[in-house]
Amino acid sequence: MTRGEGDVRNNRFGAAAAILAVAVAFGGGCSTKDAKNETVATVNGDDVKVVELREILGSRGGVVAVTNLPTEKKKEGLDRLVAGRLLAQDARSMGLDNTDAFRTALSGNEKGVWINALLRKEIASKVKIKDSDLRDEAKKMRGADNNLSESDATTRAGQAIAEREIRKVEEELLAAAKKGTPATVDMESIGKVGKGGKTSDDAVLATVGGEKITYGQVRKALQAAAPGPHGTDGLLTNPVAIQRVVDREAMGVALHAYAKKQGLDGSEELKSVRGEMERAVLINLLVEKVAAKDVSVTDKEIEGAYAEHGPMLVRDGKKIPFAQMKDQLRSFLENAKRRKALDEYVESLRKKAKITINESLLPKV
């Protein structure tokens, strides 16, 4: 099952990808006794919740606190969340939420919105960690590692229990979805593709409920997973790879159909996930606009990078020739310049923004 907004992550740049991954974190849940729904920061009136920060720091679903992490790590995560808010707000100010690209991206991820809203609802209602289970799990961990402090053992125990419970929720949802909307896979058609014959994009490889999964859909998914001129060599006619994509697509259709039957219309979960999806799309569009601009890298800069990183550029005990590394180094330097441009852009937004941080909440994160 996908986490967050899944497919809106096709970003070519390291810094942009980091911000985007933060922006689409699974921020969910209803009210609870702990601090997860409290506001840890506000960016121009837009609240950042503790649950979002927990999620990007490794607590899946933000179910348990990550009290074992140092404050600096929490601040770094919060800094990325703030950057994401700034970029999304700036994108709206530019009108990027009123473009065909924005609408197309949202439409293409609508299934993911429903699926994640359902997952969020199920986690909030079903994932409960009993004090007795927490004590027992922590005791086992300390028994296996005498150097583990009581505090660290308790934190790790909570994370382990939460992960098990979330997996259980996912498994139950998958089983219910498969039962409610079973898939019929055409293995004969998949076999024909595997033999290398010409296959139309309209060829139906599976049917799930009333929806068809075509070779065209599978081809696009494989190409997205392995971009580049040679990335999909062999995959497009590999029956194992094709069937995996078909199974994944079929599961997505079934989960979407199941989610639509669970009374999510108008729910806080659906509103919340859709809002996060919109923010993720806006960030992606703005990052492309800001950081994807053409940058130039000179041969002299490439030669300098080769000289600087030469000791690491070794294969079979020999230094890799410059000619073989030139294109990779050019790409590395271009991405570095794009990341710098994005960092500078975010910094300019910070200077104009009204940002408040509630550092007193960080120990509860």
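The values are calculated or read from the model by the stated rules, or taken from the named source; none is laboratory data. The structure displayed is predicted, hence computed values, not measured ones. Because the Cβ atoms are built from the backbone with ideal geometry, glycine has one as well, and the counts that use them run over all protein chains shown. When the accessible area is computed, the model is the full protein with side chains, heavy atoms only, and any ligands, DNA or RNA have been set aside. Shrake-Rupley method; radii C 1.70, N 1.55, O 1.52, S 1.80 Å.
One table, with the values for the structure above:
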item: Probe 1.4 Å, accessible area per residue of the chain, Å²; result: 53 Å²
item: Farthest positive-ward along segment 245-293 dipole, Cα basis, beta-carbon charges - from 290, 252, 275; result: 290
item: Percent RCO, i.e. relative contact order, over the chain, from Cα pairs under 8 Å lying at least 6 residues apart; result: 27 percent
item: Percent of Cα pairs exceeding the 17 Å cut-off, where the set is segment 55-102; result: 51 percent
item: Mean Cβ neighbour count within 10 Å, used as a protection proxy, ranking 75-82, 208-215, 346-353 highest first; result: 75-82, 208-215, 346-353
item: Carbon and sulfur %, accessible surface of the chain computed with the full protein complex present, 1.4 Å; result: 49 percent
item: Phi to ³J(HN,Hα) by Karplus 6.51 cos²θ - 1.76 cosθ + 1.60 over segment 299-309, Hz, x for Gly, Pro; result: 4, 5, 5, 5, 4, x, 5, 5, 5, 5, 9
item: Stretchable slack from residue 46 to residue 351, in nm (0.36 nm times residue separation minus alpha-carbon distance); result: 108.2 nm
item: Karplus 3J(HN,Hα) series, Hz, for segment 119-130 with 6.51 cos²θ - 1.76 cosθ + 1.60 (x for Gly, Pro); result: 4, 4, 5, 5, 5, 4, 8, 10, 8, 10, 10, 6
item: Members of 49/364; 178/260; 128/178; 121/364 lying beyond 19 Å, as alpha-carbon distances in this model show; result: 128/178; 121/364
item: Kirkwood hydrodynamic radius over Cα pairs of the chain, then Stokes diffusion coefficient at 4 °C and 1.567 mPa s, in µm²/s; result: 56 µm²/s
item: Helical mean residue ellipticity (222 nm; -39500 (n - 2.57) per DSSP H run of 4+; nearest 500) of the chain; result: -20000 deg cm²/dmol
item: Relative contact order %, segment 136-254, counting alpha carbon pairs below 8 Å whose residues are six or more apart; result: 22 percent
item: Built amide H within the under 5 Å cut-off of residue 41, gap 5+; result: 48, 358
item: Principal axis dimensions, segment 227-357 - Cα atoms, whole angstrom, descending; result: 61, 54, 25
